[in-house]
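Below is one structure; the comments refer to it alone.
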Amino acid sequence: MSHESTAGAAEAARRYYDTSDVDGFYAAVWGGEDIHTGIYAHEREPVADASRRTVETAAAKIAERLGPDSTVLDLGSGYGGPARHLAGEFGCRVVALNISDGQNDRHRKTNAERGLDGLIEVVTGSFQDIPYPAEQFDVVWSQEAFCHSGDRKRLLSEAVRVLKPQGALVFTDLMAADATPPEALRPVVARLGVEAFATPSFYRRELAELGLSHVEFDDFSDQLLTHYLRLTEETRRRATELRDLISPAYLESLLENLPRWVEACRRDQLRWGIFTCRR
């Protein structure tokens, strides 16, 4: 992957998340805290509650690595929901690296309001070139950010580079099923400004080649259909309210695009779950 392609993907992600339309949608429909796929207790559960359960489930996988003496790097930290959970529940220090200035401003403000700004440092930057020396972090964490990368091989190499010996990498990502041809998902991923998703086998192979001694994938792909049905339902139900928060064109694009995700889930073309890896 060329430097230009990688830089282009980073710029596309920054533009996507810095728009008022995207910000309004994530704040209103997703809760503006944990903007990733949820693990649902039941099919009518609020999106925000299910998304928080994903954070809790991922944290439980590496709980022995989390505490006041540990430092976590959150790659693509969004509005900071996971960072605040890790700092608030475990007392660890968190460096939150994220490319969107708008998200980072809200992240810092919320941290200060909740008294967590002393534990969380929000840094604007790209996870393609992590601005920290090797073996710096006990845990590298990410949720649904790697799908925006223009060079996932380099991204994984960077993530492993900054891990301490015995450190843990834990992440979730939106992926294509291994048998799904990239062109089948292009109409689905268009809203995110990316060309294609990685697959579970890609991550397994690359992580093994990077020398991680333990790579575990908890497959929660069955949650995707519930998640995108809930997003579609909430967007339709709150369309009148959303017209005051986002542009008519963006609302129309959501109502057109979200059902495509639902159909891709029903066709079993997508994968999602938690990767837990140890160096």
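The values are calculated or read from the model by the stated rules, or taken from the named source; none is laboratory data. What you are looking at is a predicted structure, and each value in this text was computed from that prediction instead of being measured. Every residue, glycine among them, receives a Cβ derived from its backbone with ideal geometry; neighbour counts consider all protein chains shown.
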- Check region 49-59 and report whether any residue there is in contact with a Leu (Cβ under 9 Å, 6 or more places away or on another chain), more than 24 Å from Thr235 (Cα to Cα) and modelled with pLDDT of 85 or more. yes
- Task: Output the residues belonging to region 221-271 that are out of contact with any Gly (no Cβ under 8 Å at 6 or more places or on another chain) and outside any helix (DSSP H, G or I).
- Result: Arg238, Arg243, Asp244, Ser247, Arg267, Asp268, Gln269, Leu270, Arg271
- Collect the residues in region 230-257 that are in contact with a helix residue (DSSP H, G or I) (Cβ under 6 Å, 6 or more places away or on another chain) and more than 27 Å from Trp141 (Cβ to Cβ), keeping them in residue-number order. Thr232, Thr235, Leu242, Leu245, Ile246, Ser247, Tyr250, Leu251, Leu254, Asn257
- Message: Anything in region 202-241 that is among the polar types (S, T, N, Q), without any contact (Cβ under 8 Å) to a residue 40 or more places away in the chain and surrounded by 13 or more Cβ atoms within 10 Å (Cβ to Cβ)? List them, or say none.
- Response: Thr232
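Does Thr199 fit the bill of being under 29 Å from His42 (Cα atoms), within 16 Å of the chain's Cα centre (by Cα) and β-branched (Val, Ile, Thr)?
yes
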- Task: Answer yes or no: is there a residue in region 150-162 that is among the basic types (Lys, Arg) and within 17 Å of Leu66 (Cβ to Cβ).
- Result: no
- What residue, among those in region 138-168 that are of a type in the set (D, E, K, R) and in a strand (DSSP E or B), is nearest to Leu73 (Cα to Cα)? Asp138
- Message: Of the residues Arg278, Arg243, only one is over 16 Å from Gly31 (Cβ atoms), touching a His at 6+ places or on another chain (Cβ under 9 Å) and modelled with pLDDT under 95; which?
- Response: Arg278
- Item | Residue pairs meeting the criteria (Cβ under 8 Å; at least 6 apart or on separate chains; first at pLDDT 95 or above, in region 129-152; second in a loop (DSSP other than H, G, I, E, B) and of a type in the set (Asp, Glu)) | Gln143/Asp34
- Picking from Ala190, Ala249, which residue would you name as being within 19 Å of Cys147 (Cα to Cα), at pLDDT below 95 and among the hydrophobic types (A, V, I, L, M, F, W, C)? Ala190
- Can you name the number of the only condition in (1) surrounded by fewer than 22 Cβ atoms within 10 Å (Cβ to Cβ); (2) more than 17 Å from the chain's Cα centre (by Cα) that Ala48 fails? (2)
- Task: Inspect region 110-125 for any residue being among the hydroxyl-bearing types (Ser, Thr, Tyr), farther than 28 Å from Glu216 by Cα, surrounded by 16 or more Cβ atoms within 10 Å (Cβ to Cβ) and free of Cβ contacts under 8 Å to residues at least 60 places away in the same chain and give the result as yes or no.
- Result: yes
- Task: Name the one entry in Phe171, Phe202 that is modelled with pLDDT of 95 or more and outside any helix (DSSP H, G or I).
- Result: Phe171
- Item | Residue identified as touching a Ser or Thr at 6+ places or on another chain (Cβ under 6 Å), small (Gly, Ala, Ser) and under 22 Å from Pro259 (Cα atoms) among Ala184, Ala176, Ala190, Ala196 | Ala176
